[in-house]
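Peer 1: Pasting in a structure now, in C-alpha cells, and then I'll have a few things to ask.
Coordinate-derived values only; no laboratory data. Everything numeric in this text was worked out from a predicted model, so none of it was measured. Every residue, glycine among them, receives a Cβ derived from its backbone with ideal geometry; neighbour counts consider all protein chains shown.
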Amino acid sequence: MSWEGVTVMDQRVRFISEYLNAYFPFIELCKQFEISRKTGYKWINRYEEFGAEGLAEKFRKPHHCPHQTGEEIIQDILRARSRHPTWGPKKLIKIVSARYPVQDLPAISTTAQ
C-alpha cells in the first residue's frame with residue numbers, strides 16, 4: 001500500500017465540495033479543515049469569482065519596489081568596481097555620489113554585494 005500526500009489544492013477543493021453539499025454548518029466545516037472562518041470565506045469567495053483556478057496559491061512577491069536602486073546607478077557602481085576592484089563599498093559610493101548628488105544612493109551593505 002502506497003502513501004499518497006494530500007496537497008493544499010486538494011484540501012481546498014474538498015472544502016469547497018463539502019461546503020456546496022452543505023453537510024455541515026460552516027463553522028464546523030472550518031474546524032474539520034483546521035482553518036479560520038476568515039480563511040474559509042476567502043476560499044469560497046475566490047471559488048465563486050474565479051472557479052477552481054481561484055483556489056491556487058497566489059504569488060506573494062510584489063510587482064514592483066518603489067525604493068529600488070535605479071539601473072543607471074547600478075551600472076555606474078559596477079563600472080567603478082570593475083575599474084577599481086580593490087576599492088570597498090564606501091569608496092565606490094563616494095565616487096558615484098559625485099554624479100548623483102540629489103538621488104538616494106544604495107546603502108553600503110547593498111553596494112558590498
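Peer 1: Assess whether Arg79 counts as being surrounded by 10 or more Cβ atoms within 10 Å (Cβ to Cβ) and closer than 30 Å to Ile108 by Cβ.
Peer 2: Details: surrounded by 10 or more Cβ atoms within 10 Å (Cβ to Cβ): yes; closer than 30 Å to Ile108 by Cβ: yes.
In short, yes.
Peer 1: Are any residues in region 36-63 exposed (fewer than 12 other Cβ atoms within 10 Å of the Cβ) and within 17 Å of Leu20 (Cβ to Cβ), and if so, which ones?
Peer 2: Scanning region 36-63 gives Asn45, Glu48, Glu49, Phe50, Gly51, Glu53.
Peer 1: Can you find even one residue in region 46-66 that is of a type outside the set (Lys, Arg), in contact (Cβ under 8 Å) with a residue 12 or more places away in the chain, out of contact with any Leu (no Cβ under 9 Å at 6 or more places or on another chain) and closer than 30 Å to Ala112 by Cβ?
Peer 2: no
Peer 1: Is it the case that region 94-107 has a residue that's assigned to a loop (DSSP other than H, G, I, E, B) and among the polar types (S, T, N, Q)? If you could, list the steps in order and put the result at the bottom.
Peer 2: To start, the set of residues in region 94-107 that are assigned to a loop (DSSP other than H, G, I, E, B) comprises 98-107.
From what's left, among the polar types (S, T, N, Q): 103.
Checked against the condition, which is being assigned to a loop (DSSP other than H, G, I, E, B) and among the polar types (S, T, N, Q), region 94-107 yields at least one hit.
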